[in-house]
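Below is one structure, written out as structure tokens; the observations come after it.
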Amino acid sequence: MTAFLSGVEYTTSYWEMLIQIAASAVIGFLIGWDRYSKSKPAGIKTYMYVCASCCLITLVSIHSVTHFAETSDNIMMDPMRLAAQIVSGLGFLGAGVILKDGFSVTGLTSAAMIFFVGGVGIGIAAGFYILTVTAVIATIILARVGNFIEDKMDENEKSS
């Protein structure tokens, strides 16, 4: 399929789109596995579905422009309009995992990660592979560093 993004012709084969969907599902699955292993509210399937669905919606959005533009000269479409709507839906999903009990709030990281895997799906679908994988690797590394720092700070508070 061919799409025009920023005036540049972008060609994606069906095989590449299948790989994009599979890659999104695998990355979402791995991020969800991390959250599940920490007994967080959203787990393996949630992250996998969010990431793969965001990729699918973005692919449909990008490639429907060319598909439907071929049928008529009068059709004008924004290839990223559906992707923009994903953000609203992700906000709704994220709000569902945030829990407040008195002064304690939990689920913020899970909500942020749901938003993030949506971005991963969009990034893969739009063809920004290196950028997306770099973001995933950077966030995994920094999340581990953050966990280490938080654990050390908690130990220091308990020993004081």
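Bear in mind that the values in this text are calculations on the coordinates, not laboratory data. The shown structure was predicted, so the numbers you read here are calculated from the model rather than taken from an experiment. So basically every Cβ, Gly included, is an ideal-geometry build from the backbone, and we count neighbours across all protein chains shown.
Tabulated values for the structure
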quantity	calculated
Per-residue [θ]222 nm for the chain (sum of -39500 (n - 2.57) over DSSP H runs n ≥ 4, rounded to 500)	-25500 deg cm²/dmol
Residue (of THR132, MET113, ALA84) at the positive-pole extreme of the chain, dipole from beta-carbon charges	MET113
Within a Gaussian network of the chain (alpha carbon springs, distance under 10 Å), most fluctuating of MET77, MET48, MET113	MET77
Fewest-first ranking of THR66, THR46, using other Cβ atoms within 10 Å as the exposure measure	THR66, THR46
Mean Cα-pair separation over length for the chain, i.e. relative contact order, pairs under 8 Å, 6 or more apart, %	22 percent
Max mean-square fluctuation residue, GNM over the chain, Cα-Cα springs under 10 Å, options GLY127, GLY43, GLY146	GLY146
Packing-based ranking, highest mean first, of 25-33, 97-105 given that Cβ atoms within 10 Å are counted	25-33, 97-105
Cβ-defined net charge surrounding ILE140, 14 Å radius [Lys, Arg +1; Asp, Glu -1]	+2
From the coordinates shown, P(r) over Cα pairs in 10 Å bins from 0, in percent corresponds to which of [x] 11, 39, 28, 15, 6, 1; [y] 10, 34, 29, 16, 7, 3, 1, 0; [z] 11, 43, 36, 9, 1	[y]
Alpha-carbon centroids, the range 80-96 and the range 113-140: separation in whole Å	15 Å
Filtered GluC sites (Glu not before Pro), the range 58-160: DSSP coil and at most 13 other beta carbons within 10 Å	GLU70
Lys pairs under 22 Å by Cα in the chain, provided they are eight or more residues apart or on distinct chains	5
The range 2-128 - charge dipole about Cα centre, Lys and Arg +1 at Cβ, Asp and Glu -1, debye rounded to 20	680 debye
